[in-house]
1. Run ARG174 past the list (1) closer than 30 Å to LEU254 by Cβ; (2) part of a helix (DSSP H, G or I); (3) among the charged types (D, E, K, R) and report the number of the one that doesn't hold.
2. If you scan segment 238-254, which residues turn out to be assigned to a helix (DSSP H, G or I) and surrounded by fewer than 19 Cβ atoms within 10 Å (Cβ to Cβ)?
3. Just one of GLY62, GLY26 is modelled with pLDDT of 95 or more and on the phi > 0 side of the Ramachandran plot; which is it?
4. Of all residues in segment 224-251, which are closer than 24 Å to TYR44 by Cα and either in contact (Cβ under 8 Å) with a residue 24 or more places away in the chain or small (Gly, Ala, Ser) (or both)?
5. What about ASP235, is it part of a loop (DSSP other than H, G, I, E, B) and outside the structural domain of GLU72 (by TED's automatic domain parsing)?
6. Applying the selection to segment 202-223, what residues are outside any strand (DSSP E or B), touching a Phe, Trp or Tyr at 6+ places or on another chain (Cβ under 9 Å) and surrounded by fewer than 24 Cβ atoms within 10 Å (Cβ to Cβ)?
7. Quickly run through segment 33-57 and pick out the residues that are among the polar types (S, T, N, Q) and modelled with pLDDT under 95.
8. Surrounded by fewer than 19 Cβ atoms within 10 Å (Cβ to Cβ), in contact with a strand residue (DSSP E or B) (Cβ under 9 Å, 6 or more places away or on another chain) and closer than 30 Å to THR182 by Cβ - does that describe any residue in segment 99-108?
Amino acid sequence: MDADHEKTPYQHLTPDTILQAVEQVGYLCSGSLAALNSYENRVYQIGLEGAEPLVVKFYRAGRWTDAAIQEEHAFCLALQAEELPVIAPLVAANGQTLHKHQGYRFALYPRQGGRAPELENGANLEQLGRFLGRIHAIGAIRPFRERLTLNVETWGVASVRHVLDSGFMPGHLRANYQALTTELLLTIRHCFQYVGRLRPIRLHGDCHPGNMLWTPTGPFFVDFDDTCMGPAIQDFWMCLSGTREEQAVQLSHLLQGYQMFFAFNRAELPLVEPLRTLRMMHHAAWIARRWADPAFPKAFPWFNGPRYWEEHVRSLQEQVEWLGEPPLL
């Protein structure tokens, strides 16, 4: 697929193309189509004749190989087979979950209702922890072969390099950013070395409240698009908020449920702030990589201006202090 298509991969994804793709798999569309919130991929709710609507996700060209997507699907299906509340892709009559139409790769999912989680509730956190423990227990059985491993190189070094090469960083901030990220990456490496040898497992990878739908029976985990190998604490820290004391209490509730099903390596606790810092670097580079996609300037209009980068550098400077704090207990 050519480079221009990778930069603006959805320019030919018309409503007709979307509906034809779904019908190709064997569903009869009613003609109704609603775009759902997604930047990296394109996701739509599709009405069906005589059946509940389903959701179709069109994968961004050039991001994942077919094998990596299929590995994500297999992980979700394995979790679903153990009756875990994850939204796994639908398996077609031919046994496939990844489909192709007019150069686009896509997968179909059942529609799942739900509301935003209330993670200030200790009982909810314990329930969430139990499900995370079960997910990680299955994730630890075998490694991914095709997915990325979350580490300093993939999320930190590569991200900083791209930001510096992209031309977005204003000239008056460039030297400060370069010196600051050099210091942060060195500190983060030391943090990982201090923790010692980690056992990476298969993770959700992007386990923030926006990727959970809360129902009367508890959470449903959605969007495993960033599933990867990494330390278990990666699926915890994005569920924490507030002061350090509040985060410590939240973490204790999560672990109380988690350790009913899987042992947590407390040596990973010092990685919360290093992982947060890596994500901040990764997020800035992600927007820069996607800027040619027309959806990104509309969604992040402030990105291509000095104020965003001044705030980004300031946030990274604050992380220097946070990295010096003792781990949550």
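1. Single failed check for ARG174: (1).
2. Within segment 238-254, the first condition is being assigned to a helix (DSSP H, G or I), and the residues that meet it are 244-254.
Residues satisfying the conditions are ARG244, GLU245, GLU246, GLN247, ALA248, VAL249, SER252.
3. Answer to the check: GLY26.
4. Across segment 224-251, the qualifying residues are PHE224, ASP225, THR227.
5. Judged against the criteria, ASP235 is not a match.
6. Passing the criteria: GLY205, ASP206, CYS207, ASN211, VAL222.
7. The answer is ASN37, SER38.
8. Looking for residues that are surrounded by fewer than 19 Cβ atoms within 10 Å (Cβ to Cβ), in contact with a strand residue (DSSP E or B) (Cβ under 9 Å, 6 or more places away or on another chain) and closer than 30 Å to THR182 by Cβ, one finds none in segment 99-108, hence no.
The values are calculated or read from the model by the stated rules, or taken from the named source; none is laboratory data. From a predicted model like this one, the values you see are computed outputs, not experimental measurements. So basically every Cβ, Gly included, is an ideal-geometry build from the backbone, and we count neighbours across all protein chains shown.
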